[in-house]
Amino acid sequence: MMPSDKYFHTDLPSSVIILGIESSCDDTSASIIRNNTVLSNLIANQDVHRKYGGVVPELASRAHQKNIIPVVDQALKEAKVDKKDLSAIAYTKGPGLMGSLLVGSSFAKSLSASLNIPLIGVNHLEAHVLANFIGKKDPPQFPFICLTVSGGHTQIVLVRGHLDLRIIGQSADDAAGESFDKIAKIMGLPYPGGPEIDKLSKIGDPKAFSFPKPKMPELNFSFSGLKTAVFNFLHEQVKGDPAFLDKHLNDVCASLQHCITDILLEKLELACEQYNISEVALAGGVAANSHLRDSLMKLAVKKSWQLYIPDFQYCTDNGAMIAIAGYYKYLANDFDDRESSPKARYPLSV
Ligand code: KG4
Ligand code: ZN
């Protein structure tokens, strides 16, 4: 019998306690949840990448290796949960950086084997969507449409059940977060650029400059042209006035943020029309962007959508979203084999 079959249950316990481990990129995170309530959610950020202006995979793996035991220990302590009381261990199986994923998966496998409890492999993008269920008394109703905007992915997802997710639109090239980060780098801002641009935009004029919007078919996106357009625009402006960026940084940031938000919301609106759905959710790191959140809230009022946005700490990468996805997989007896390995590419479509 495979370990995954061994744990099959027909009677559900009233209290399911899951340890969720996230290590797909540059943050090591562990969280304990009881059913859909978060008891702890610890995140060790890796500042080591800042000086390189982006994530250095080798350094990320080393930092995960260093952080993972203290972070899991602290998550258990804060939750006041003994590891013997865990029902299962959920970990990010992919997509992500292979070295980083291997640290989390090896740790999760070893701990699940030593405690003799099930192991649950979670798709990182599915977890971003399911973050909308964390601690919610009135969670999204199925079917709903989720706009997932992270550093590596931009997707419009049709969600018909906790574990029934289908991509109906996505970026053909850069992700929205990647576009924030790359353009921020061009402007000499620190990594990650998204939060920096958000901050600087607060006192900028979103209508000061306009950037071209890509013409993509159906519900798909493209962001690589925007990066080139901003680069060329800045190049031209600085030629005329070397102090251009110093004088107009806030306006450029606000205009860029406005442009990215418009591109995203236009397609989201189209998706809701096409599928005749008015339950709408947002997910992923870029969901922390204040302009996107505000604009989406206004659009939801105008369109009479029921809108769901995770709390800030559950938008960017975190262990709680892995744990909540693990919870729904636990309920569905969807366990992982200890022989399985993480996947750098791990498509969401089920
Ligand atoms: O979901 P996430 O934490 O990691 C991935 O799965 O990629 O997303 C990280 C991305 C980065 O590109 C970061 O710049 C962006 O989310 N981000 C933001 C904000 N906070 C994080 N982008 C715009 N505004 C923000 N406030
Ligand atoms: Zn993510």
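Please report, to one decimal in angstroms, the Kirkwood hydrodynamic radius of the stretch 202-350 built from all distinct Cα-Cα pairs.
For the stretch 202-350, inverting the mean 1/r across all distinct Cα pairs yields 18.5 Å.
Can you give me the relative contact order of the stretch 265-350 as a percent, contacts being Cα pairs under 8 Å and 6 or more apart?
Reported as a whole number, the value is 28 percent.
Taking the 0 to 90 degree range and rounding to the nearest ten, how far is the long axis of helix 57-79 tilted relative to the main principal axis of the chain, both from C-alpha atoms?
Computed tilt is about 60 degrees.
Rounded to the nearest 10 degrees, what's the angle between the helix 290-303 long axis and the longest principal axis of the chain, both from Cα atoms, 0 to 90?
Relative to the chain, helix 290-303 is tipped by roughly 90 degrees.
Taking only Cα atoms of the stretch 97-180, what ratio of Rg to Rh do you get with Rh as the Kirkwood inverse-distance radius?
Using Cα coordinates only, the ratio equals 1.05.
Could you list log10 I(q)/I(0) for the stretch 13-54 at q = 0.22, 0.29 Å⁻¹, which the Debye formula gives when each Cα is one point scatterer?
So the normalised log intensities are -0.72, -0.96.
Over the Cα atoms of the stretch 230-313, what Rg and Dmax result, in angstrom?
16.5, 50
Pick from Ala271, Ala288, Ala79: which is most flexible by mean-square fluctuation in a GNM of the chain where alpha carbon atoms under 10 Å apart are linked?
Greatest mean-square fluctuation among the candidates belongs to Ala79.
Out of Asn232, Gly151, His49, whose Cα points farthest toward the positive end of the dipole of the chain (charges: +1 Lys, Arg; -1 Asp, Glu; placed on Cβ)?
Checked the options; the winner is His49.
Pick out which of Gly54, Gly188, Gly152 has the largest mean-square fluctuation in a Gaussian network model of the chain, springs linking Cα atoms closer than 10 Å.
Sorting by GNM fluctuation, first place goes to Gly188.
Using only Cα positions of the chain, each an equal point scatterer, no hydration layer, compute I(q)/I(0) via Debye at q = 0.09, 0.12 Å⁻¹ and quote the log10 values to two decimals.
Debye curve over Cα of the chain, log10 I(q)/I(0) at q = 0.09, 0.12 Å⁻¹: -0.49, -0.85.
Of His49, His64, His124, how do they rank once you tally other Cβ atoms within 10 Å and put the fewest first?
His49, His124, His64
Using +1 on the beta carbon of Lys and Arg, -1 on that of Asp and Glu, and nothing else charged, what's the dipole of the stretch 29-161 about the Cα centre, debye to 20?
80
Which residue, Gln257, Gln306, Gln274, has the most motion in a Gaussian network model of the chain that connects Cα atoms within less than 10 Å?
Gln274
Can you tell me the orientation of helix 98-115 relative to the chain, as the angle in degrees between its alpha-carbon axis and the longest Cα principal axis, to the nearest 10?
Result, in degrees: 20.
No value in this document is a laboratory result; all are computed from the given coordinates. Computed from a prediction, not measured in an experiment: that's the story for all the values here. Glycine gets a Cβ as well: all are built from the backbone with ideal geometry, and neighbour counts include every protein chain shown.
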